[in-house]
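The values are calculated or read from the model by the stated rules, or taken from the named source; none is laboratory data. Keep in mind the model is a prediction, meaning the values are calculated, not measured. With ideal geometry, Cβ positions are generated from the backbone for all residues, glycine too; neighbour counts draw on all protein chains shown. In case anyone asks, the SASA skips ligands and DNA or RNA and just uses the protein heavy atoms, side chains included. Shrake-Rupley method; radii C 1.70, N 1.55, O 1.52, S 1.80 Å.
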Amino acid sequence: MDGDSLSSSVPESMAGLWIWRPRSRMASVPVKERVKVSQNWRLGRCREGVLLKWRCSQMPWMQLEGDSLYISQANFILAYQFRPDGASLNRRPLGVFAGHDEDVCHFVLANSHIISAGGDGKIGVHKIHSTFTVKYSAHEQEVNCVDCKGGIVVSGSRDRTAKVWSLSSGRLGQCLHTIQTEDRVWSIAISPLLSSFVTGTACCGHFSPLRIWDLNSGQLMTHLGSDFPPGAGVLDLMYESPSTLLSCGYDTYVRYWDLRASVSVSWSGKSPMTAPCTACRRMGTICWPQVPPTMVLCDCGIGAKGPAYTPSR
């Protein structure tokens, strides 16, 4: 989730928002507490709670920011505030952000704005603490992904293009570069150095679904890996640092890339029923959902996959 983001689909009978909280958090903790954490990992101990429920199955995008949870539902983005106990949400939304004619596919929080990508081919810019909302036509088909850093927005679409936009008030909605990716773009992320961005594509029209582009010129800089099977689309990307990147997708693998050498280590949740997944990193742990609804955890420090958690009905 923003580091803390999670997207998944579940059967209608289980539609809702689940939260898994390890009994102990990995940080700079005493040895005794580390042993306790180790035991929790080994035995699969966790606390489980239901934050939200809805009648229909959803494929929401979520982002946790401070004590607020932002979640997309249909063509809206809703903001919920956690109660003081930190384990439940106020049922009344703190804010509702609208403007798209079709479902919100993805969104990011950038300073005081929410940048949203819609199935209507448009990008929306919403001010969090006001009613200001503007949207502009960005792609010929649905916008699957967006990212925003340093006053620059990047977007990727089913129309096989990635675009770079300015977020400055005088140039809002102005396209700086259009990049032909030869493939549907499912995910996108700007480097923390603000010098490049990476696209994750469907791996149908190009041999590598992971490519890095120069943010200033729009030119291809390099690609990551070449042993992806056809259709191994990359559904989520996240920079851990300027030189490390997390990716995951349809081939069930979560890959941790060292961009200095274009090599990766990977973990797989592979099973006959594994679904597309979204990885998120929090205090040394990667987690990703699968079908049937489970959450798989992996310790990045040692590369060991932990237990899978299945929510009770």
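A few points about this structure:
- Qualifying residues in the stretch 130-153 (those that are aliphatic (A, V, I, L, M) and open to solvent by 10 Å² or more (accessible area, probe 1.4 Å)) - the one nearest to the chain's Cα centre (by Cα): 152
Residue by residue, here is whether (1) within 22 Å of the chain's Cα centre (by Cα); (2) at pLDDT 95 or above; (3) open to solvent by 10 Å² or more (accessible area, probe 1.4 Å) holds:
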| site | (1), (2), (3) |
| --- | --- |
| 155 | yes, yes, no |
| 172 | no, no, yes |
| 191 | yes, yes, no |
| 213 | yes, yes, yes |
| 222 | no, no, yes |
| 225 | yes, no, yes |
| 230 | no, no, yes |
| 244 | yes, no, yes |
| 263 | yes, no, yes |
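- Against the test of being in contact with an Asp or Glu (Cβ under 7 Å, 6 or more places away or on another chain), closer than 19 Å to residue 175 by Cα and not in a loop (DSSP other than H, G, I, E, B), the options 146, 108, 125, 134 yield a single qualifying residue, 108.
- Candidates in the stretch 194-211 are the residues that are part of a loop (DSSP other than H, G, I, E, B), under 19 Å from the mean Cα position of the chain (by Cα) and at negative phi; of these, the one that is surrounded by the most Cβ atoms within 10 Å (Cβ to Cβ) is 209.
- Count of the stretch 75-87 residues which are surrounded by 15 or more Cβ atoms within 10 Å (Cβ to Cβ) and either small (Gly, Ala, Ser) or over 15 Å from residue 52 (Cβ atoms) (or both): 2
- Options 7, 13, 24: the member that is modelled with pLDDT under 85, open to solvent by 50 Å² or more (accessible area, probe 1.4 Å) and of a type in the set (S, T, N, Q): 13
- Count of residues meeting criterion [closer than 21 Å to residue 146 by Cα and part of a loop (DSSP other than H, G, I, E, B)] in the stretch 233-258: 4
- Pairs meeting the criteria (first residue in the stretch 118-130 and at positive phi, second residue of a type in the set (Asp, Glu), beta carbons under 7 Å, at least 6 apart or on different chains) are 121/140; 121/142.
- Among the residues making up the stretch 202-223, those that are in contact with a strand residue (DSSP E or B) (Cβ under 6 Å, 6 or more places away or on another chain), without any contact (Cβ under 8 Å) to a residue 40 or more places away in the chain and not aliphatic (A, V, I, L, M) are 208, 211, 214, 223.
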